[in-house]
Amino acid sequence: MISIRSLRVVYKPQGIEALREITLELPVNNVTCIIGPNASGKTTLLKAIAGMLSYEGAIYIDGREVRSNIRYLRKILSYAGNMGSSVDYLGARVIDILLTSRYPVAKGFSDTEEDVEEVHRVSKALGIEHLLYRKISELSSGELQKVVLASALVKNPRILLLDEPDTHLDVAGKSWLSKYLEELSRSLTIVISTHDAVFACHTCNYFVVLSSGRVLYSGWREELIQNKEYVERAYGISFINVEVNGRPILVPLYES
């Protein structure tokens, strides 16, 4: 269980209050989705849970407060953001990135046969084994997104935090990712952020709706779909409720 109490994040020295009074209980072995417009605090919330930034309040994982258990957290939790935005990675090969991502759970200072086998296992599962000896700069946006996911999975985490994992994926890629995350959630606790309400409704069981750093809604998908005004308030546009293959989906209306 991820338990958050009175979380507040302020970016200094600007004094920007990115999150305020966030109190949440996120379910285990589910896919939780954080949705909300740009600058609503989605990435900040994920990074706070991952122990990547300073905050006020408390975040508990397995009953342990994040700030005082960073080493433990690095072994059980993976965070994946936007690797493509950093020039530091562009000349690196995919296999080197994935082996480096194993370090928190590695048994020594050099790569072992177990590390290499795990990298190949995850790469095969994601269909990127043929990319292992390519440079990051040589990948398409969709290929890079799968490498980012692989880098989070190679250390076999129990908690997976993914910041907009559907970005740059085409329609078929989003369909594959939705099914893959659903399969992973049988044994992992997954929290993702996304702007795509359709993808979110297909993929996620539990939702957190953010607006201006505050929680407008937290709860199960079915209840949110019945109370779509929370999403409409967050984005400032209308949504309709449609049914696809027996599953209710929220679809935004692009009004002229």
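Kindly establish whether Leu160 is under 15 Å from the mean Cα position of the chain (by Cα), surrounded by 19 or more Cβ atoms within 10 Å (Cβ to Cβ), under 19 Å from Lys47 (Cα atoms) and not β-branched (Val, Ile, Thr). So Leu160 passes the test. Selection of helices (runs of 4 or more DSSP H) fully inside segment 145-256 by the criterion of at least 2 residues being more than 30 Å from Leu131 (Cα to Cα) returns 197-203, 221-226, 229-235. For segment 1-43, the candidate set comprises residues that are basic (Lys, Arg) and more than 15 Å from the chain's Cα centre (by Cα); within that set, the residue that is nearest to Asn205 (Cα to Cα) is Arg5. Residues in segment 222-246 that are touching a residue at least 40 places away in the same chain (Cβ under 8 Å) and surrounded by 12 or more Cβ atoms within 10 Å (Cβ to Cβ): Val231, Ala234, Tyr235, Phe239.
Of everything listed in (1) surrounded by fewer than 20 Cβ atoms within 10 Å (Cβ to Cβ); (2) closer than 23 Å to Leu169 by Cα, the single unmet condition for Arg214 is (2).
Cβ-Cβ contacts under 7 Å between residues 6 or more apart (or on different chains), taken from a first residue in segment 83-107 that is modelled with pLDDT of 80 or more to a second residue that is surrounded by fewer than 17 Cβ atoms within 10 Å (Cβ to Cβ) and assigned to a strand (DSSP E or B), are listed as Gly91/Lys135; Ala92/Lys135; Arg93/Lys135.
The values are calculated or read from the model by the stated rules, or taken from the named source; none is laboratory data. None of the values given here were measured: they were computed from a predicted structure. Here Cβ is always computed from backbone atoms with ideal geometry, including for glycine, and neighbour counts include all displayed protein chains.
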